[in-house]
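Each remark here refers to the structure printed beneath this line.
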């Protein structure tokens, strides 16, 4: 009995069944968290990229719009500069024309004052000269050849008389009744009569059968008498002459 007691005393209690706790492995939790973190990071990156792309697109569009506006403003500026240049050139040209007109006006004013001064002085033909139709005439006192007669007229600031109208031919009869040299010759070409001012003879005042060129007669004079018809004779013949010149001024009525 004692032995059984002892045995019972030292008998080990039977092992109780253990209850397993439903715990997840640590490695699985870590993987799950890592995936979540990576997903969130990727999502944040995508959102950031999308926001940046959106802002970048807006910035590009705004930059393009601003660039187009700047280009348009630059073109308008260049056009305005070109217009300003054209207007400036036109203004410069108008200024030059204005100055030229002012200078011409000043010259015309001076000329008008000069003419008014001459008119106020009432100068026509100087002493000894006769006036007719805006010309002055004088008959020489001496006689000489045609060349000598012309030289004397030129020394007086005149030339041998040129007759270009019947009225002037009649007027000559009031100056002289003698034969006088005219400013008419055909020395350059025989038969081609020209006045000393270079104009050809158009009105004929020749006497009957004249000119006849009898003995190298290359110079013309007027006959004595009221008709004052013309005749040719040798240029060395000694005759008086009539000089003609323009007056200081002329008033045509």
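The values are calculated or read from the model by the stated rules, or taken from the named source; none is laboratory data. Here the structure is a predicted model, which means the values were calculated and not measured. Methodologically, a virtual Cβ is constructed for each residue, glycine included, from the backbone with ideal geometry; neighbour enumeration extends over all protein chains shown.
Which residue out of 197, 147 is assigned to a helix (DSSP H, G or I), out of contact with any helix residue (DSSP H, G or I) (no Cβ under 7 Å at 6 or more places or on another chain), closer than 21 Å to residue 235 by Cα and at pLDDT 90 or above?
Testing whether each residue is assigned to a helix (DSSP H, G or I), out of contact with any helix residue (DSSP H, G or I) (no Cβ under 7 Å at 6 or more places or on another chain), closer than 21 Å to residue 235 by Cα and at pLDDT 90 or above leaves just 147.
Checking residue 170 against (1) out of contact with any strand residue (DSSP E or B) (no Cβ under 6 Å at 6 or more places or on another chain); (2) within 16 Å of residue 220 (Cβ to Cβ); (3) assigned to a helix (DSSP H, G or I), only one condition comes out false. Which one?
(2)
Consider residue 187 carefully, then state whether it is surrounded by fewer than 18 Cβ atoms within 10 Å (Cβ to Cβ) and part of a loop (DSSP other than H, G, I, E, B).
So residue 187 passes the test.
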